[in-house]
Amino acid sequence: MSTSKFIVPVPKIEDRDFIKPLLCGPGPCDVWPSVAEALIKPVLSPVCDEFFDVLADIQKGLKYLFQTKSNLVLAISGSGWSGAETIISNLLAPSETLLIATRGYWGDRAFDSAKRYGINAVQFRIPFNTTFSLDQIERELKKLRPTALFIIHGDSSTGTVQSLIGLGELCHK
């Protein structure tokens, strides 16, 4: 194609200096240098041996983190919510009770997901800018005796971080 037919000239693209801003908040946000370095590595196919090796390494790390020898520790390839949805849909049966500690968008989403699976989802709410105390959770657990408790650790919709210390002991009572 001849350039004489173009009516708009080729743009002059300037090479500009870029000062990296500090990104904070729910996203986009800064990443650790090791994460940025990992992003320049070749993309793996989800059906190649290397991909399964990475999943196996993640499984080993999760076993260490949760101090379990169970082989039912799974690495889910997907968004954070895909893991939550997997837990909701596989851990509880229809009509079992799921207590959802709600302080933001993700608790509401868990409620909607559980309802779709026929789970008896019960929410208890606190203001978005706060987190649950162990006493609040214990009262609800004693009152409902649910099959499971759903709580978000780091809620990106509110910017709050929920302490998980002591929750396991409460759930096992």
**OP:** Please build a GNM for the chain, connecting alpha carbons under 10 Å apart, and tell me which residue among LEU134, LEU39, LEU55 fluctuates the most.
**Re:** LEU39
Original post:
Given springs between every Cα pair under 10 Å in a Gaussian network model of the chain, which of GLY78, GLY159, GLY107 has the largest fluctuation?
Top reply: GLY78
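Normalised by the number of residues in the stretch 27-141, what is the relative contact order in percent for Cα pairs under 8 Å and 6+ residues apart? List each step's numbers first, then the result.
Numbers: 86 pairs, mean separation 19.4, N = 115.
That works out to 17 percent.
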**OP:** Report the extension gain between ASN129 and ASP49 in nm, rounded to one decimal, defined as 0.36 nm multiplied by the number of residues separating them, less their alpha carbon distance.
**Re:** 24.4 nm
Original post:
Given springs between every Cα pair under 10 Å in a Gaussian network model of the chain, which of PHE111, PHE128, PHE18 has the largest fluctuation?
Top reply: PHE18
Subject >> Estimated inter-spin distance, ILE76 and LYS115, nm [label 7 Å along Cα→Cβ] >> reply: 2.0
Original post:
Does the stretch 92-172 classify as rounded, prolate or oblate by the C-alpha gyration tensor (a ≥ b ≥ c root eigenvalues; a/c under 1.5 gives rounded; else a/b over b/c gives prolate, otherwise oblate)?
Top reply: oblate
Original post:
In which sequence would TYR64, TYR105 go, from the one with the fewest C-beta neighbours within 10 Å to the one with the most?
Top reply: TYR64, TYR105
Original post:
Size of the dipole of the stretch 88-146 about the Cα centre, Lys and Arg at +1 and Asp and Glu at -1 on the beta carbon, nothing else charged, in debye to 20?
Top reply: 80
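Starting from the Cα gyration tensor of the stretch 35-75, take the square roots of the eigenvalues, sort them a ≥ b ≥ c, and report rounded, prolate or oblate (rounded when a/c is under 1.5, otherwise prolate if a/b is larger than b/c, else oblate). Can you show the working numbers first?
Working: a/c = 4.08, a/b = 1.73, b/c = 2.35.
Oblate.
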Original post:
Spin-label point model (7 Å from Cα, Cβ direction): what's the THR97 to GLN59 distance in nm?
Top reply: 3.5
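FYI, it's all coordinate maths here, none of it is from the lab. Given the structure is predicted, the values throughout are model-derived calculations rather than measurements. As a convention, Cβ positions derive from the backbone with ideal geometry for all residues, glycine included, and neighbour counts pool all protein chains shown.
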